[in-house]
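Novice: So that we are looking at the same thing, I have put the structure below in structure tokens.
Each reported figure results from applying straightforward, stated rules to the coordinates on display, with no laboratory input. Bear in mind the structure is a predicted one, so any value in this text is a computation, not a measurement. All Cβ positions, even for glycine, are placed from backbone atoms using ideal geometry, and neighbour counts span all protein chains on display.
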Amino acid sequence: MNKTLPIERAMRRCLFAFQLLALLAVCLPLTAVSAANGEAVRDVTIRGTILDETGQPLPGATVTVTGSSAGTVSDIDGNFSLTVPDDATLVVSFIGYATQTIQVGNQTEFTIQMTPDETSLTEVLVVGYGTQEKRDVTGAVSSVKGTAIQNLPVSGAAQALQGRAAGVNVVRNGGAPGNQGSIRIRGTGTLNNADPLIIIDGVPGGNLNDVNPNNIESIEILKDASASAIYGTRAANGVVIVTTKRGDFDQPLKFELNGYTGVSNAIKTIDVLEAPDLALLKRERYTNDGLAINPIWENPAYQTQQTNWQEELLGQGTTQNVDLTLTGGNKNSSFMLSGGYFEEKGMITNSNFRRLSFRLNSDHKINDRFKIGQNLQLVSIDQVSPNTLSAQTGVLWSAIRFHPGLPVQNPDGSYSSSQISGEFGDINNPIFTQENLDNNNTSHKLLGNVQAEYELLEGLKVRANFGLEGAISDGSNFNIIVNDQIRANPRNSLSRSYNEYYSVLAEYFVSYDKVFADLHKVNFVGGYTTQTFNSDGFSASKLDFIDESFDQRFLDVGQTLNSINGGKSYDALASYFGRVAYDYDERYLVTATFRSDGSSKFAPGNRWGYFPAFSLGWRVSEEDFFQNIGFISNLKVTGGWGSLGNQNVPGLQYLALISSGRRYSFGGNQTVGAAQTRIPNLNITWESAQMTNFGLDIGFLENRLLANFNYFIKNTKDMLIAPPTIGSIGTAQIPNQNIGELRNQGLEMELVFRETKGKLFYSVSGNASFIQNEVTQLADGNFIGSRLYGRSSQELSRTYEGFPIASFYGWRADGIYQSNEEIQSDANIANYPRRTAGLIQPGDVRFIDLNNDGLIDETDREVIGNPHPKVVYGLNAELGYGNFDLSLFFLGNAGFDIYNADRMQGIDPTYPFNMYAETINRWNGQGSTNEIPRMTTKRDNLNHRTSDMFLERGDFFRLKNMVLGYTLPEMLTSRIGVTRARFYVTGQNVFILTGYSGMDPELGYTDGNLQLNADFAQYPQARSWTIGTTITF
Amino acid sequence: MKKTILYLLLSGVLLGACDDSILETVPYGQSTSSQFWRNADDAIAAANAMYEPLVTHDFYGHAEHTFDIPSDDQFRAGDHGEDQAIESFTFDAGNPQLYYSWRHKYEVISRANAVLINVPDISMDQSLKNRTLGEAHFLRGFMYWRLMVIYGGTPLILEADVLANEYNKPKATMEEMQAQIAADLSIAADLLPESHGPDDLGRAHKGSARGLLAKLYLYQENFAGAIQVGQQVLDGPYPLADDFGDNFRVETQNNPEMLFAVQSLQGWRENNHVIYSTPRPWGGWDFHEPVQDLIDEFEEGDPRLDYTVYKPGDMVDLGGSRGLTPYTEDLSSTGYHFRKYSSWRPQGGLNMSHNNPILRTADVYLIVAEAKIRSGQNGDAEINAVRQRSGRAPLTNATMEHLIHERRVELAGENQRHQDLIRWDRAGIVDIVAIYQKDLGPLKPPRTFERPKHYLFAIPQREIDLSNGVLTQNPGY
């Protein structure tokens, strides 16, 4: 078998995609761009001095000339000189100061006084169907600039957003390549899909992983109802608006090349028993139980340490990125063209993520009134993900438990197997599993739109936006014949699935901007939009491939047809929306928003939902009475309320669906049956969230220190939940029902301080969110269960009224019985038949009798832990000195519990698996330990039931990113036509401070929103180091 | 100019605005219950779907067999730690084994209820309609039977409950359960055909319904009923196979003696119990190992032993490259494996088309024999029919002791023994406590059966929790 072939296949697919992209790039109406070259001009030498706001010289400021590569930097006395054409425009910039543009003309001597940058106030934010200046915003909006996340070695913007904005929690669901995690804005807003709406360049519904992070100009996060109500239907979980970079009009061609490469390695592995100790403890189980020792544990052949399976599984990963961006523009047209390739190979063999991306954005002025703009994004993604979530077959789970006395491969080349003995568990050799994984998911995606804007009257514009988002997804999974592993597969099979998805967006809206009498500023936007979603796919699977070579893994080769399936779905949204913002004298601000949405997901009659919102703002610092308070440079208070919707559930739930395909056989003949697959809910309708928000913006020291505080209460009502289902209903799917209420409330703060002293620039920023989540009402006061753990189906998490979503639920333990006297006198088990039957022995766990009935049973369980952090925070420090720049980004979560289910099973001797190394410290006599129960083959006392014994604090503080860069002096680079060349080293997950004993405290969700931070031996995040460069010319 | 704006605005907005039809969608490729139930094809498809859950891994594919591991026939083996508590009567209501098959049984009931509600209104061939309704009554009765012997009373969900959307019901009493099972099986016996053609082997027929009804009557100590209904089976077209082993071979497993079996077809819908009961090095998962005490129960030279277990010295053709392979003692911790559930493909590997027997005519012979003996009649004819097939000497004036022996060897490993012992203990015929106290070696040490607690398993704790207090636990748990 040729092992390189799957890669070749993937490469071929990539190549095809490349050709496609190239073709498109050529065929697309590329804007002809030429730098405006006018009549002959005269060169002059100019001199100048640059001063700061106090009149002191400002060294290190950059002076460039528009439309040329000429430029210089002011010296220690703030002086500069430069030879330029007499029609040149100078651009003077310095970090922390407002950039100035100066016409040269006849002047040759300049004194330029810089003023501190107030961009953070005049900064323009994208707020949906328009932009607003930050100082006018009355809702809660966070903004992350593209520069903050540029060139981080991550597959997508979601990961890069982690910890960057208050109230925006990016929950990492393990570290598998391409796994972007879950974004939770202002807490988990619902038990169903709580993902925010993603809008990429005006097209709702895209995926953040599809965007090359280096193409991103900014990401705005609309957090409160007032800000996001304009997207009413889908805004209940917040809105993330991604705006990509564009060219400027009258700008010469500029190339930017980004490249980085690096390696990643495991941060930590779990210490497990070595073979001799394992045999010792396994024998002790039998001896303690008075049973004959299974002879396999006396067999010296399996008592020599051979393999550390985790080290075999977790190798070195690599990350690579290269992208090239070209921007430019003339008087009428501008464009941005970019192509890139990103590849991440994970620490585990055969876990990869590759993205080939292409982007073309352009803007055109047809005349003074008529503008057309366009965005096009094409990506091709190839992903291979190992199974790291199952506590019965997951590869990392298996590596922790596979017998350490077996070699990876036997001397004859075959893989070692636990078929040897039932004492070795039902685990396949994890290296065998991973090396034979052939599971590729490829998708080719398109996201694009064309916008037109016509100015009818001054300030009154009619606009239209037509968008298309589509994807072709192709999945392929080949399972080889496995005879010599315990989980055998007697017949090989190939499954292929193919799905086409596309969404069509049409938006028509008008906007009106006008200032009346210099006091009344009015902004209105309103319109109508529709979006349709079509999906159509099929899959096929065949069995019995005579030849398993990679070049034979095609459906044609399979001898036996197994299945062919196909289906189609259609959904649509239709909406009216409007927003009015009014500003009186830059002091009093009002915004009112309304949206009405119809969704095909609900039954006729229940389709339309209405979502109003308003907010008020008062810029106190603009009042006359405030002018004397010198140290506060800006003060704004805001407040708002609004209602938002959520319809992010499967469609057609109002119908009782009958599906065919129920297989059975009669007398060896295949038959197919049809049965109801879902109970209908005729009344299903919107879930809504009412949110109240209070905000405070405050600036000190001429806005060098800026602070923002927001307090919010978000009540989710009519929550769409598939309620707890008693088994007597059967296995049919239960529809979502509008039951349940949820409250999230919290405080968010963001602080930025920046200062420039000579060549030194530094800024420190931080953000923190304190959010509480509570389910305030559930169906019948009952709970909602969640994913069970492992072979024994242990319950870990339940969602109860009055508690946070996904609370840990179980018994409470109180150490270990040291003696029989302790057992006989323990009030917890005074009436417990197991005590009298002699089933509880010294070395067993003492569980607490919570209901005081003298015995331990299921009624002694309660909520034992909260998986939601009380505080999520990020800290960012940036330091620039001359040509060096250093940035440190720390991330922290505090005040939450992790349920270490992997350890619960890892120290449980009743499983036929290897155990955690700490198990050697088991109880083996009075006073030996109060932590780890005795060895036994029996579960008489269920020592390893779900209890607070395995609950750990999850708090962590990690240096998420560290970037050290050096920009070559311009005088060097300009000689070779390079405007800017920067080299850098980036470290990811450089260090972590945590008391958590597992591999990684960032475990994420394992069952929708219903289970969080439970350790299933997930794919851990790696520590990675990359080197890279950015070159502009 | 102003008019133009107005037109532009209006046309843009109105264009889509008044068009709500964009929100209309349909379930492509699926039917709704209002479109289904049109004709005989739909009725048959719905009937086929009732059988589908039976073969699921969490039901007869594996989990259902766990309810027999407390018996003195077998050691649980395998690597499911929770099984140890079941085997030793130390389980509590949270033990996951108690839970696995619960929902699948109710799924069969739910699909049967759907047939019983909708099929009567379909205009179709009457005999086909009768068959379909009969299958629904049989499967519903069969499910409540399994629920009843395992848990005692459980919620009885019938047509009216489905129409009223009422699923969270309290436990029915034992009497209500039995009355419902008897009613369903009686109606099924009326509606179902005597037998099926080759394309429909494995569907329930009159013999399936009457055989199970006879068993119910025996459990109710309605001996006259058991004899009467059982005799109808024995008089029907359901003769014992000539060879006991025919019941456990893929080629002959659907012979007339097999009154009901969960069907399995390789590559289509497979019965995992085949893998569970097979030794590890032979590609299995090594559960349910017979103990020496069972082997010793077989009379010297009883050919049924060879079909029932793999024992050291047996040569087994595993097919493919392995071919004829000796069974050795080290393949099992007790030295044996059950053989009734495995056969091998010529090209190697387990033959996954091996069915899972539920009810055989031999069982009905022994039911009738037991009913006769316990009601003071002579059961020799029935017990000897079973014995003579396997070359055993006929008995005269057979006693319950003979009957108990015969059931144990004839039906070993067929998920009967634990329930048989409970039935006999309740009637004062055996002392189950003493039987389970017997030391059957280090793998099967004495276990404490508490009377009456362990006559029933515990209702799964998860169901009790989900019922919000409606469902109550069995006494003693």
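Novice: Please arrange A:254, A:542 by how many other C-beta atoms lie within 10 Å of their C-beta, fewest to most.
Specialist: Least to most surrounded, the residues fall as A:254, A:542.
Novice: Here is a further query. Only loop residues by DSSP count here, and only those with at most 14 other Cβ atoms within 10 Å; note down the trypsin sites (Lys or Arg not before Pro) in the range B:403-477 that meet that. Mind showing how you got there, number by number?
Specialist: On the way: sites: B:407, B:408, B:417, B:423, B:426, B:438, B:447, B:453, B:462; in loops: B:438, B:447.
When the trypsin sites (Lys or Arg not before Pro) of the range B:403-477 are filtered for loop state and at most 14 Cβ neighbours within 10 Å, B:438 remain.
Novice: Please list the radius of gyration and Dmax for the range A:43-117, considering alpha-carbon atoms only, with Å as the unit.
Specialist: Every Cα atom of the range A:43-117 included, Rg and Dmax give 11.3, 33 Å.
Novice: Taking beta carbons within 10 Å but only from partner chains, what does the mean come to for residues B:448-458?
Specialist: 1
Novice: Quick query: amide H of residue A:945 versus all other amide H atoms, modeled in the peptide plane; which residues come in under 5 Å with a sequence gap of 5 or more or a different chain?
Specialist: Excluding prolines and chain starts, which carry no amide H, there are no hits.
Novice: Turning to a different aspect of this structure: Would you list which lysines come within 18 Å of residue B:372, measuring only between C-alpha atoms, while excluding same-chain residues fewer than 8 positions from it?
Specialist: Within the straight-line cut-off, residue B:372 pairs with B:215.
Novice: In chain A, what % of DSSP beta bridges are antiparallel (nearest 5)?
Specialist: 95
Novice: Okay, next question. Return the Cα extents of the protein assembly as shown along principal axes one, two and three, sorted largest first, each rounded to a whole Å.
Specialist: The Cα atoms of the protein assembly as shown stretch 132, 73, 65 Å along their principal axes.
Novice: Just how far, in whole angstrom, is the range B:139-216 from the range B:333-368 if you go by their alpha carbon centroids?
Specialist: 25
Novice: Going by the alpha-carbon gyration tensor, a ≥ b ≥ c the square roots of its eigenvalues, is chain B rounded (a/c under 1.5) or, if a/c is not under 1.5, prolate (a/b greater than b/c) versus oblate?
Specialist: Taking the square roots of the gyration eigenvalues as a ≥ b ≥ c, chain B is prolate.
Novice: Among A:1025, B:344, what is the fewest-to-most ranking by other Cβ atoms within 10 Å?
Specialist: A:1025, B:344
Novice: Taking only C-alpha pairs under 8 Å that are 6+ residues apart, what is the relative contact order of chain A in percent?
Specialist: 11
Novice: Just checking the output field for A:282-295: average partner chain Cβ neighbours within 10 Å of each residue's Cβ?
Specialist: Counting other chains' Cβ atoms within 10 Å and averaging over A:282-295 gives 1.
Novice: Another question about this same structure. Straight-line reach only, C-alpha to C-alpha below 18 angstrom: list the lysines that residue B:453 could link to, leaving out same-chain residues fewer than 8 apart.
Specialist: The qualifying lysines are B:171.
Novice: Between their Cα atoms, which of A:245/A:461; A:254/A:331; A:223/A:714 are more than 19 Å away from each other? Mind showing how you got there, number by number?
Specialist: Details: A:245/A:461 23 Å; A:254/A:331 16 Å; A:223/A:714 11 Å.
Pairs exceeding 19 Å: A:245/A:461.
Novice: Applying a 10 Å radius around every beta-carbon, put B:209-216, A:688-695 in order of their mean neighbour count, most first.
Specialist: For the peptides B:209-216, A:688-695, the packing ranking is B:209-216, A:688-695.
Novice: What is the range A:43-117's relative contact order, in percent, from Cα pairs under 8 angstrom and six or more apart in sequence?
Specialist: 37
Novice: So for the range B:57-141, averaging the separation of alpha carbon pairs under 8 Å that are six or more residues apart and normalising by length, what relative contact order in percent results?
Specialist: 26
Novice: Scan around residue A:97 for amide H atoms under 5 Å from its own, H built in the peptide plane at 1.01 Å from N, and keep only partners 5 or more places away or cross-chain.
Specialist: The answer is A:117.
Novice: On to the next question. Highest mean first, what order results for A:124-137, A:976-989 on Cβ atoms within 10 Å?
Specialist: Descending packing order for the listed peptides: A:124-137, A:976-989.
Novice: Tilt of helix A:5-27 relative to the longest C-alpha principal axis of chain A, in degrees (0 to 90, nearest 10)?
Specialist: The answer is roughly 20 degrees.
Novice: Treat each spin label as a single point 7 Å out from the Cα along the C-beta direction, and report the residue A:924 to residue A:86 distance in nm.
Specialist: That separation, rounded to one decimal, is 9.6 nm.
Novice: Counting only other chains, and only Cβ atoms inside 10 Å, what mean value do you get across the residues of B:145-156?
Specialist: Counting Cβ atoms of other protein chains within 10 Å of each residue's Cβ and averaging gives 1.
Novice: Measure nothing but the geometry: give the 0 to 90° angle between the long axis through the Cα atoms of B:40-51 and the longest principal axis through the Cα atoms of chain B, rounded to 10°.
Specialist: With both axes taken from Cα atoms, the answer is about 50 degrees.
Novice: Here's something else I'd like to know. Return B:404, A:183, A:1027 ranked ascending by Cβ neighbour count within 10 Å, so the fewest neighbours appear first.
Specialist: Listing B:404, A:183, A:1027 from fewest to most nearby Cβ atoms yields A:1027, B:404, A:183.
Novice: If the cut-off is 20 Å between C-alpha atoms, which lysines fall inside it for residue A:960, apart from same-chain ones fewer than 8 positions away?
Specialist: Correct list for residue A:960: A:145, A:268, A:345, A:870.
Novice: For the range B:395-411, what does the Karplus curve 6.51 cos²θ - 1.76 cosθ + 1.60, with θ = phi - 60°, yield as ³J(HN,Hα) per residue in whole Hz, taken in order and with x for Gly and Pro?
Specialist: Each residue's phi maps through the Karplus curve to give 9, 10, 6, 4, 9, 4, 4, 4, 4, 4, 4, 5, 4, 5, 7, 5, 10 Hz.
Novice: Angle between the Cα long axis of helix B:380-389 and the longest principal axis of chain B, 0 to 90 degrees, nearest 10?
Specialist: 90
Novice: Here is a further query. Given the DSSP H assignment, sum -39500 (n - 2.57) over each helix run of at least 4 residues in chain A and divide by its residue total; what's the result at 222 nm in deg cm²/dmol, nearest 500?
Specialist: -2000 deg cm²/dmol
Novice: Using a/c under 1.5 as the rounded threshold, could you call the range A:654-807 rounded, prolate or oblate? The axes a ≥ b ≥ c are square roots of the C-alpha gyration tensor eigenvalues, and prolate needs a/b larger than b/c, oblate otherwise. If you can, show how the numbers build up before the last one.
Specialist: Working: a/c = 3.12, a/b = 2.49, b/c = 1.25.
In terms of gyration-tensor shape, prolate.
Novice: Additional query: Collect residues whose amide H, placed 1.01 Å from N in the peptide plane, falls under 5 Å from the amide H of residue A:1021; neighbours closer than 5 in sequence don't count.
Specialist: For residue A:1021, the qualifying residues are A:175.
Novice: For the range A:570-710, compute the orientation-averaged projected area of the C-alpha convex hull (one quarter of its surface), in nm². Don't skip to the answer; put the middle values down first.
Specialist: Numbers: hull surface 55.9 nm².
If I average the Cα hull's projected area over directions, I get 14.0 nm².
Novice: Where does chain B land at 222 nm, in deg cm²/dmol rounded to the nearest 500, when only DSSP H runs of n ≥ 4 count, each adding -39500 (n - 2.57), divided by all residues?
Specialist: It lands at -12500 deg cm²/dmol.
Novice: Arranged from highest to lowest average of other beta-carbon atoms within 10 Å per residue, in what order do the peptides A:231-239, A:616-624, A:547-555 appear?
Specialist: A:231-239, A:616-624, A:547-555
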